[in-house]
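Trainee: A single structure is presented below for examination.
The values are calculated or read from the model by the stated rules, or taken from the named source; none is laboratory data. Being a predicted model, the structure only gives us computed values, none of them experimental. When we count neighbours, we look across all protein chains shown, and the Cβ atoms used for this are built from the backbone with ideal geometry, even at glycine.
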Amino acid sequence: MATNVYIKLNKIWRVLATGFCFSVFGFGGIVLTLLVLPLQRLFEPCQAKQALLDIPLYFADQSHSSIKTNYGEVITNKKTNAFNKTDREACEWLMLSALKALQERAVREGMNAVVNIQSYYKKREFVSQTEYQCGAGTFVAGVALKGTLVKL
């Protein structure tokens, strides 16, 4: 008898707690907004220049000198706590982090550039020379990139 009461109270508690969370936070923690943001704004602050390495980054089909060695394609996927940050702040931080990860991988593999960089959020390609995609929700934001490591 006591076990049945406990089970019923547990169910009621879970329903109330879930309802409370949805009323306070909405679906933002579950459903992400897919944002398309400009790359130009990302590179304007001197903070970005300090964060990135001296490895050239080429987005989409931007022209570059001829490739001498092609290491191949790599993927980076970065997430961060988005709570108490604007979507733009979280996304810009993540994008810089993802770009730096591509640069660090290029250095580790003996390459000197990253070409054909494109957004790859949820394994969906978004190819642009001027914009990138970022998923932003109430609690979590994410940026995924795909790029080819090369020696120019």
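Here's the yes/no breakdown for (1) surrounded by 13 or more Cβ atoms within 10 Å (Cβ to Cβ); (2) hydrophobic (A, V, I, L, M, F, W, C); (3) in the same structural domain as Lys49 (by TED's automatic domain parsing); (4) over 17 Å from Leu35 (Cβ atoms):
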position: Ser63; (1), (2), (3), (4): no, no, yes, yes
position: Lys68; (1), (2), (3), (4): no, no, yes, yes
position: Tyr120; (1), (2), (3), (4): yes, no, yes, no
position: Ala141; (1), (2), (3), (4): yes, yes, yes, no
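Trainee: Then there's this: For the range 71-100, name all the residues that are at pLDDT below 95 and aromatic (Phe, Trp, Tyr).
Mentor: Of everything in the range 71-100, those that are at pLDDT below 95 and aromatic (Phe, Trp, Tyr) turn out to be Phe83, Trp93.
Trainee: Follow-up. Name the residue, out of Asn116, Asn81, that is surrounded by fewer than 22 Cβ atoms within 10 Å (Cβ to Cβ) and on the phi > 0 side of the Ramachandran plot.
Mentor: After ruling out the rest, the residue left standing is Asn116.
Trainee: I'd like the full set of residues that are out of contact with any helix residue (DSSP H, G or I) (no Cβ under 9 Å at 6 or more places or on another chain) and in a strand (DSSP E or B), limited to the range 120-139.
Mentor: Phe126
Trainee: From the list Gly110, Gly72, which one is of a type outside the set (A, V, I, L, M, F, W, C), loosely packed, with under 14 Cβ neighbours inside 10 Å, assigned by TED's automatic domain parsing to the domain that holds Leu37 and not in a strand (DSSP E or B)?
Mentor: Gly110
Trainee: Please determine whether any residue of the range 58-69 is farther than 28 Å from Gly137 by Cα, at pLDDT below 90 and either in a strand (DSSP E or B) or of a type in the set (Ser, Thr, Tyr) (or both).
Mentor: No, the range 58-69 has no match at all.
Trainee: Now a separate question. Filter the range 101-136 for residues that are among the basic types (Lys, Arg) and modelled with pLDDT under 95 and give the result.
Mentor: Matches in the range 101-136: Lys122, Lys123, Arg124.
Trainee: Does Lys85 satisfy the criteria of being basic (Lys, Arg), farther than 16 Å from Ala60 by Cα, assigned to a loop (DSSP other than H, G, I, E, B) and in the same structural domain as Val36 (by TED's automatic domain parsing)?
Mentor: So Lys85 passes the test.
Trainee: Something else now. Find all pairs meeting these conditions: Cβ atoms under 8 angstrom apart; at least six residues apart or on different chains; first residue within the range 47-66 and of a type in the set (Ser, Thr, Tyr); second residue modelled with pLDDT of 90 or more.
Mentor: Tyr58/His64; Tyr58/Ala113; Tyr58/Val114; Tyr58/Val115; Tyr58/Asn116; Tyr58/Ile117; Ser65/Leu152; Ser66/Leu152
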